[in-house]
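Here is the structure we will look at.
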Amino acid sequence: MRSLPPLSSQSPKTKYVGSSHQHESAIGHVTGEARYVDDLPEPRDLLHAAIGYSQIACGQISSIDFKEVEQSKGVIGILTVKDIPGHIDIGPVFAGDPLLTDHDIRYFGQPIFVVAATSELAARQAVRKAQINYKPAPPILTEKEALSAQTFVLPDHCLQRGDLKTHHTKPPFTLEGEQYIGGQEHFYLEGQVAMAIPDEPGTMTVYSSSQHPSEVQKVVAEVLGWPLHSITVDMRRMGGGFGGKESQAAPWACMAALLAQRYQRPVKLRLSRQDDMIMTGKRHPFYNQYRVSFTPQGVLLSADIELNGNCGHSPDLSDGIVDRAMFHADNSYYIENVKILGRRCMTNRVSNTAFRGFGGPQGMLVIEQIIDDIARITGIDPLDIRKRNLYGVLDRNITPYHQTLEENWLPELITQLEQESNYRARRTLITQFNHQSPTVKIGLALTPVKFGISFTSQHLNQAGALIHIYTDGSVLLNHGGTEMGQGLHTKVCQIVAQTLQIDTSQIKISATRTDKVPNTSPTAASSGTDLNGQAANLAALELKKRLSQCLADEKRVDIAQIRFDKGQIYWNETESISFAELAQLAYFKRVSLSATGFYKTPKIYYDRENAKGHPFLYFAYGAAVSEVSIDTLTGEYKVNRVDILHDVGSSINPALDIGQIEGGFMQGLGWLTTEELCWDNQGKLATTGPATYKIPAISDLPEILNISLFNRPATSETIYRSKAVGEPPFMLAISVWSALRDAISSISNYKFSPQLDVPATPERVFQAIEQIEKNMQKEPYHDKVE
Amino acid sequence: MIQFLLNNQWQILEDVSPSLTILQWLRTKIAQTGTKEGCASGDCGACTVVIATLSQDDKLHYKAVNSCITFVASLHGKQLLTVEHLAQNGHLHIVQKAMVEHHASQCGFCTPGFVMSIFAMLQNQTKESITKHKINQALSGNLCRCTGYRPIIDAALEAASTPGAAITDEQKVDTTQKLLSMKQQLPHGELKKDEQRYWLPADIKKLKKIYREHPDTALISGGTDVALEVTQSLHSIPKILDLSAVSELQTISSDEDILHIGGSVSINRLMSFCQSSLPELAQLLERFAANQVRNQGTIAGNIANASPIGDLPPALIALNATLQVMVPDGYKTIPLEDFFIGYKQTLLPHQGIITQIDIPIKPKSYKRFYKISKRYDDDISAVCSAFCFSIKSGYIQSARIAYGGMAEIPKRALLTEQALVGQPFTLSGIKPAQQSIEQDFNPMSDLRASADYRLKVAQNLLSRTVYEYNQNSHLEAHYA
């Protein structure tokens, strides 16, 4: 209808979306000026709090003596469960999480009392002086113990499709097995922290390092017995979250708020690293079992899978987590006849919680083990077994929860990666190498990822945003998502910049606050940009519409003539005013320069009763090829090379997306290799700090790491056709674990598949080698390798 | 009173607790919150700051340290550089700029620590010498949970190749002059608050005097272990005598195949000193704790600490090192292999201070030192082993072997050694000796490893010495 102006035809619309903008806080990060909760200037009369917690995992408190605590230097007072005016239980979805206890003990580290003192040291020293006696009872600690005691936090759930009975034929084309998967500590570099400041009577502001400010607002209000509008939660940035600050940032905020209310003084509560590791939940350990049948060509006919998640003492978010494990136990593979049972084991441990992948990784690992084992039985390369079992593009595309895959890019993506990584040629060379290398063996594996995007709780798939334009043309943007390093604010800023055609420097994103955008969802499930980006875009579109109308009215042109381009707004082909001028014009014309946006994800539903539905709007895909070397004398290993091809749809910010991919991969690598949580037999955590709990350090970076984006616009109507990226790459690290198993299997000339539980520490690799050697003695092959 | 430079400004501290750490001082006393606390145990590097020290030859040396486990009192006579110092007149420092451009921060909490570690690296190395390997060493004590490290390495490489990252000579001269004049006026540091005391003597004479008057004081040098008493156990230490500034304990020399290392020489100084004369030890020390701790931790500290899992003692026992110990009436010599007598118990005499360690380098022997742990960087050994063989015509003529992590003390494998002597240095030749390891040791199971794994690995490491003698069969082996 209208022809483009000459200027514009030479330089198309400025691309704010799709370019690698630096993180909005990058300069603050490198200068140390970016403030985290503990960096905020401390208000007058600030008190510091510390928590006294249970020293047993199960039993009852028989007596408490606070005398020495009260007399300890600097102590102002002690908060116990009796001092909580409102709700005591702060369970996020289900009940079961009392803020404090004075009787029943359900895990080691359960909070019993909180001390307020004039300094952090005084508070921390004081809590150690309490005399608490217990009547201990034998704790239930592992998934297996919970299974035999039949203790569960919630009922089982089961997915089923097809008929299992018909297919379980006889060996060698059946297989059964099990796997143990350890937990994982989040190890966000910034520990849990909250500061509560009493405002006007009956109101309070809480600064909390939380992925879910609305939840913090809700539970703080509830423990105080106040309506929600009394509490404002402010969250500018977290020093890492990874799921650990989704539900479990709330207790500390509640404790600080209760003390702040009691003493009418600001109160800060910051957990020491040790207390943080003891008192907060981790990734769920899982014990998985399976029975499968398959054709001589290695194609799965049936699978009967049981996933047992160790939830700890309470439900917390475990229902969704075990569900997501179940939804990912197929990973990328079509299983004609399938049953997936998910159990929520109750143990006397701190309540396990969200962690990047939200159960998905623990579900995926079982099918990847099955696939590798089928490869050893059939003598076919594991990659071929994987390819044969992939979901089809037009058929063989129904998941165990009856969602049809509408867009399956994996066959193409895997073929591309197979070629780019030179998989086949390397396989040949590696097999030759392993034949002649006496102690060092090399392993290679390609594993895919298909990860469902959307909260599996339908109601969480909503988001709000608020945008103000001021009369100098500067824009203040606010949305319900939280910034934990993932670059959410940067991406949302780019989205708004694109729509309004102004520079990102003109847009400021302020702290996430419950008094700006209410009733928000947690920033979780990789959904931050998908949801908040849409909401912010809708708000920006509304403002754009109002501004366009205002300018059209002023210039007496049709609104369709108005065009935003690079900070200028054109009402005909050549004439324009700046964004700031238009803002002023709109102000004088009494046009509202503030708008909200609200988004809800379409299409998704899940019928839990029948275990059928469409829980995910779409899937994110990826695959990785990893190569490792192991030393069979010690079980030590190193990752030589990793090639990743990952689907982020049309990338909003390639640099940030690659950052999520490699960061997620490395975190997954830690989970699968060095990160070992150790507990004693009484349920006390032994690995309570970085001295004993080993997240990947710099030398763990693979020697060669090639990462490419599979750049293809999403089929679903996502924001600018992008895809979520936070969690899916975590599971690319499964290729490293699979490569370790490949290297170990090479000792048996690929005849046996080793049991390699997670984390695969050097010791576990060593044990797996020993096991393989034993198997070979029992059942020697004539072509045994020397 | 203690006096030091914070960036370019003098700080004089009188009324602060001697057990206050640099991190606590920065964050709670002077509101400089750019330096972060990640663990308060020296294991994550978020709190990394840079300390400039004048060496004996009046040159400035810059080292990255963990401010969370360094007492502020130890700064006397030094310059403390924090992340707040780097950007000048609104311009980011080259390291900061490179970090921004390479998208090397995500949550940003570890970032100031990385910036300071890279900054320190660039002060001490020529840009040509900075390789990926050097960067890994320099950043071995900085944990990042978000990025996966690749962009940080890229930023460090870029910063290293950009001119202007180093402090200018002009600034260095200025700082040197300031510190020198201060050193003359106030050579010894001392802090006193309530009943707590901290001394930082500059020479042995002063050290002796203080120790004589306060025989009940705790001795520290790097303090990386004792500081945990304060930051983790929340104890206050009434008296601290810090040996790190005593010039006589900082000497380092060699003659006739023996290295003479002062007790307060840092692990990093030892590592670079023995690079050519004892490369096997230098290689092992690359994996000793992490860079920040290696900058502070000292050789005497690692020995006197008497940990069964210290990484230096096995190698030094295998090399037959001896300790020079200063006692009130003179000096004593103690062979290191006799020094450890029980869990955390030593032969250190009353009022004794380890002043020097003499390490024979045994140039003609075949030496192998191995550390086994869950993680490559900054981890505590499950097993640490040291082998020192003399081999002639394929036969073992003599053997000294010591292990850490296998007993309550770092200990020689005497029966294993006996079983090796006279045997051919082959896989079958060492077989009987491998059995003897089971007689020499009865290791325990803990969170680092099971007893079974420790024992089998200890045996297999002996095989590794044979494999490596014949061919390179370590993890670096490759098919291409």
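Would you say A:ILE377 is assigned to a helix (DSSP H, G or I), of a type in the set (A, V, I, L, M, F, W, C) and surrounded by fewer than 24 Cβ atoms within 10 Å (Cβ to Cβ)? Judged against the criteria, A:ILE377 is a match. If you filter the stretch A:205-244 down to residues that are more than 14 Å from chain B (Cβ to nearest Cβ), of a type in the set (A, V, I, L, M) and crowded, with 24+ Cβ neighbours inside 10 Å, you find that the one that is farthest from A:HIS29 (Cα to Cα) is A:VAL223.
Selection of helices (runs of 4 or more DSSP H) fully inside the stretch A:197-314 by the criterion of at least 3 residues being β-branched (Val, Ile, Thr) returns A:213-224. Being of a type outside the set (S, T, N, Q), surrounded by 20 or more Cβ atoms within 10 Å (Cβ to Cβ) and facing another protein chain (nearest Cβ under 8 Å): is that true of A:ILE695 here? The answer is yes for A:ILE695. Regarding the stretch A:245-254, can at least one residue be identified that is crowded, with 24+ Cβ neighbours inside 10 Å, among the aliphatic types (A, V, I, L, M) and within 14 Å of chain B (Cβ to nearest Cβ)? Within the stretch A:245-254 (the criterion being crowded, with 24+ Cβ neighbours inside 10 Å, among the aliphatic types (A, V, I, L, M) and within 14 Å of chain B (Cβ to nearest Cβ)), the answer is no, since none of the residues qualifies.
Scanning the stretch A:608-638 for residues that are more than 9 Å from chain B (Cβ to nearest Cβ) and more than 27 Å from A:LEU410 (Cα to Cα) returns A:ARG608, A:GLU609, A:ASN610.
Could you look through the stretch A:652-666, keep only residues that are crowded, with 24+ Cβ neighbours inside 10 Å and more than 19 Å from the chain's Cα centre (by Cα), and pick out the one that is farthest from the other protein chains (Cβ to nearest Cβ)? Among them, the one singled out is A:ILE652. Being at pLDDT 95 or above and over 30 Å from A:LYS555 (Cβ atoms) is a property that A:LYS603 lacks. When the residues of the stretch B:83-93 are filtered to those that are among the aliphatic types (A, V, I, L, M) and buried (at least 22 other Cβ atoms within 10 Å of the Cβ), the one that is farthest from the other protein chains (Cβ to nearest Cβ) is B:LEU86. If you check B:ALA306, B:ALA245 for being part of a loop (DSSP other than H, G, I, E, B) and in contact with a Phe, Trp or Tyr (Cβ under 7 Å, 6 or more places away or on another chain), only one passes: B:ALA306.
Has the stretch A:754-761 got any residue that is more than 27 Å from A:ARG426 (Cα to Cα) and either surrounded by fewer than 24 Cβ atoms within 10 Å (Cβ to Cβ) or within 14 Å of chain B (Cβ to nearest Cβ) (or both)? There is no residue in the stretch A:754-761 that is more than 27 Å from A:ARG426 (Cα to Cα) and either surrounded by fewer than 24 Cβ atoms within 10 Å (Cβ to Cβ) or within 14 Å of chain B (Cβ to nearest Cβ) (or both).
Screening B:GLY164, B:GLY141, B:GLY148 for residues that are without any contact (Cβ under 8 Å) to a residue 12 or more places away in the chain and in a loop (DSSP other than H, G, I, E, B) leaves exactly one candidate, B:GLY148. Residues that are at the interface with another protein chain (Cβ under 8 Å from one of its Cβ atoms) and in contact (Cβ under 8 Å) with a residue 40 or more places away in the chain within the stretch B:105-131 comprise B:SER105, B:GLN106, B:PHE109, B:CYS110, B:PRO112, listed in sequence order. Looking across the stretch A:431-446, the residues that are among the β-branched types (Val, Ile, Thr) and either more than 7 Å from chain B (Cβ to nearest Cβ) or in contact with a helix residue (DSSP H, G or I) (Cβ under 8 Å, 6 or more places away or on another chain) (or both) come down to A:THR431, A:THR439, A:ILE442. Per the listing A:ARG396, A:ARG324, A:ARG344, A:ARG388, the residue uniquely within 24 Å of A:GLU675 (Cα to Cα), over 19 Å from the mean Cα position of the chain (by Cα) and either in a strand (DSSP E or B) or in contact (Cβ under 8 Å) with a residue 40 or more places away in the chain (or both) is A:ARG344.
Scanning the stretch B:158-193 for residues that are within 14 Å of chain A (Cβ to nearest Cβ) and either under 20 Å from B:SER244 (Cα atoms) or crowded, with 19+ Cβ neighbours inside 10 Å (or both) turns up B:ALA159, B:ALA165. For the stretch B:22-36, the count of residues that are closer than 14 Å to B:ALA73 by Cβ, more than 8 Å from chain A (Cβ to nearest Cβ), at pLDDT below 95 and under 25 Å from the mean Cα position of the chain (by Cα) is zero. One residue stands out among those in the stretch B:211-229 that are of a type in the set (Ser, Thr, Tyr) and touching a helix residue (DSSP H, G or I) at 6+ places or on another chain (Cβ under 9 Å): the one that is farthest from B:SER264 (Cα to Cα), which is B:THR217. The test for being without any contact (Cβ under 8 Å) to a residue 24 or more places away in the chain, under 23 Å from B:GLN177 (Cα atoms) and either more than 20 Å from the chain's Cα centre (by Cα) or surrounded by fewer than 22 Cβ atoms within 10 Å (Cβ to Cβ) (or both) does not hold for B:GLN56. Looking across B:LYS367, B:LYS371, one residue alone is within 14 Å of chain A (Cβ to nearest Cβ) and modelled with pLDDT of 95 or more. It is B:LYS371.
Just to check your reading of the model, which residue among A:GLU717, A:GLU676 is at the interface with another protein chain (Cβ under 8 Å from one of its Cβ atoms) and not in a helix (DSSP H, G or I)? Within the list A:GLU717, A:GLU676, the selection yields A:GLU676. Within the stretch A:134-173, track down each residue that is hydrophobic (A, V, I, L, M, F, W, C), without any contact (Cβ under 8 Å) to a residue 60 or more places away in the chain and farther than 17 Å from A:GLY59 by Cα. Listed by number, the list is empty, since nothing qualifies.
Against the list (1) over 30 Å from A:ASP323 (Cβ atoms); (2) in contact with a Cys (Cβ under 8 Å, 6 or more places away or on another chain), the condition A:LEU685 fails is (1). Of the residues A:ARG386, A:ARG396, only one is at pLDDT 95 or above, away from chain B (no Cβ under 14 Å) and out of contact with any strand residue (DSSP E or B) (no Cβ under 8 Å at 6 or more places or on another chain); which? Within the list A:ARG386, A:ARG396, the selection yields A:ARG396.
The values are calculated or read from the model by the stated rules, or taken from the named source; none is laboratory data. What you see is a predicted model; the values in this text were computed from it and never measured. Don't worry about glycine lacking a Cβ; one is built from the backbone with ideal geometry, like all the others, and counts go over all protein chains shown.
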